[in-house]
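Encoded as structure tokens, the structure appears first; notes follow it.
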Amino acid sequence: MRDYAIAVVVGSLRKDSFNRKLARALAKRAPQDFKLTQVEIGDLPLYDQDDDAHQAASVQRLKGEIKAADGVIFVTPEYNRSIPGVLKNAIDHASRPYGQSAWAGKPAGVIGVSVGAIGTALAQQHLRNVLAYLDMPTLGQPEVFIQAKDGLFDAGGDIGEASRAFVQGWMDRYVAWVKAHAK
């Protein structure tokens, strides 16, 4: 049986981020042959095209982790009706210099949680537009816009009982997506 390495990019730097908790819970929902690993994006410098020829060690590390992955899950909050700047910065770094994108061809999944009633719907739509340009086949359905409420996570950090089957359904579809698209 083949093992799959999945890079998980969390679009929040906050220590107690709902999305970081969701990323950890997703790892518990993954099958045994899928290893989900969060990649660090908080140590990246601001993207500057002048640095493309001499990328920082943190940028090279990120690009290496993405290139080594069989797929990528983006777990993002919504900031001002779009994706957080830290996430866009990471995307830009790993896509440069032009023609040397680490993202190309990686099967992607997009998910997120927010306190708002529509979850992260608009951030996810903006992110999907970026991923299409980056040539990342992105799981379209089911869309998952989770509202942070009491009981979303259980005491052990897993998805709470009320949402577990729904999130598991998303994970099962993503696993099938990766198996169909991973190189």
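What follows draws every value from the coordinates through simple rules; no lab data is involved. Everything numeric here is computed off the predicted structure, so don't read it as measured data. For neighbour counting, all protein chains shown are included, and Cβ atoms are generated from backbone atoms with ideal geometry for every residue, glycine included.
Which Rg and Dmax, in Å, describe the Cα atoms of the stretch 111-174?
13.0, 39
Would you mind calculating the gained length between Gln168 and Gln100 on full extension (0.36 nm times residue separation, minus the Cα-Cα distance), in nm to one decimal? Spell out each step's value before the answer.
Details: separation 68, 0.36 × 68 = 24.48 nm, distance 3.40 nm.
Stretched fully, the Gln168-Gln100 segment lengthens by 21.1 nm.
If you wrap a convex hull around the C-alpha atoms of the stretch 1-66 and split its volume per residue, what is the figure in Å³? Provide the component values of the computation, followed by the final result.
On the way: hull volume 5.7 nm³, N = 66.
Looking at the stretch 1-66, the number lands at 86 Å³ per residue.
Which far-off residues, 5 or more places away or on another chain, put their amide H under 5 Å from the one on Thr138, with H placed in the peptide plane?
Ala108
Place a point 7 Å from the Cα of Gln147 along the Cα-to-Cβ direction; which residues of the stretch 66-89 have their backbone N under 16 Å from it?
78
With θ set to phi - 60° and the Karplus curve 6.51 cos²θ - 1.76 cosθ + 1.60, what are the ³J(HN,Hα) couplings of the stretch 76-83 in order, to the nearest whole Hz, using x for Gly and Pro?
Working through the residues one at a time gives 10, x, 10, 10, 6, 6, 8, 7 Hz.
Just to confirm a number: summing +1 for Lys and Arg and -1 for Asp and Glu over residues other than Thr120 whose beta-carbon lies under 12 angstrom from that of Thr120, what do you get?
On the way: positive: Arg81, Arg128; negative: Glu78, Glu143.
The answer is 0.
Determine ³J(HN,Hα), in whole Hz, for all residues of the stretch 57-67 in sequence, where each value follows from phi through the Karplus function 6.51 cos²θ - 1.76 cosθ + 1.60 and θ = phi - 60°; x replaces Gly and Pro.
Result, ordered by residue: 4, 5, 5, 4, 4, 4, 4, x, 5, 5, 4 Hz.
Near Val8, within a Cβ-to-Cβ distance under 13 Å, what is the net charge of the other residues, with Lys and Arg +1 and Asp and Glu -1?
Neighbour charge sum, excluding Val8 itself: +4.
Work out the FRET efficiency for Asp51 and Asp135 from their Cβ-Cβ distance, taking R0 = 25 Å, and round it to the nearest 0.05. Write down the numbers at each step before the final one.
Numbers: r = 23 Å, r/R0 = 0.92.
For Asp51 and Asp135, the calculated efficiency is 0.60.
Counting only residues 5 or more places away or on other chains, whose amide H sits under 5 Å from the amide H of Asp70 once H atoms are built in the peptide plane?
Under 5 Å from the amide H of Asp70: Ala5, Ile6, Ala7.
Loop-only trypsin sites (Lys or Arg not before Pro) in the stretch 1-80, please: DSSP not H, G, I, E or B, and at most 14 other Cβ atoms within 10 Å. Mind dumping the intermediate values first?
Numbers: sites: Arg2, Arg14, Lys15, Arg20, Lys21, Arg24, Lys28, Arg29, Lys35, Arg61, Lys63, Lys67; in loops: Arg2, Arg14, Lys15.
When the trypsin sites (Lys or Arg not before Pro) of the stretch 1-80 are filtered for loop state and at most 14 Cβ neighbours within 10 Å, Arg2, Arg14, Lys15 remain.
Tabulate in residue order the Karplus-calculated ³J(HN,Hα) for the stretch 33-40, using 6.51 cos²θ - 1.76 cosθ + 1.60 with θ = phi - 60°, rounded to whole Hz; enter x for Gly and Pro.
Whole-Hz 3J(HN,Hα) from phi for the stretch 33-40: 8, 10, 10, 8, 10, 6, 9, 7.
Cross-link partners among lysines for Lys183, C-alpha distance below 22 Å, same-chain residues fewer than 8 apart left out?
In chain and number order, the partners are Lys35, Lys63, Lys67, Lys106.
Nearest 5 is fine: what % of DSSP beta bridges in the stretch 4-181 come out antiparallel, could you say? Before the final figure, lay out each step's value.
Details: 2 of 20 bridges.
Here the share of antiparallel DSSP bridges comes out near 10 percent.
Compute the long axis of helix 121-133 from its Cα atoms, compare it with the longest principal axis of the Cα atoms of the chain, and write down the angle in degrees, 0 to 90, nearest 10.
For 121-133 against the chain, the angle is about 40 degrees.
How big is D, in µm² s⁻¹, for the stretch 42-143 by Stokes-Einstein at 20 °C and 1.002 mPa s if Rh is the Kirkwood radius over C-alpha pairs?
Value of D from the Cα-based Kirkwood radius: 152 µm²/s.
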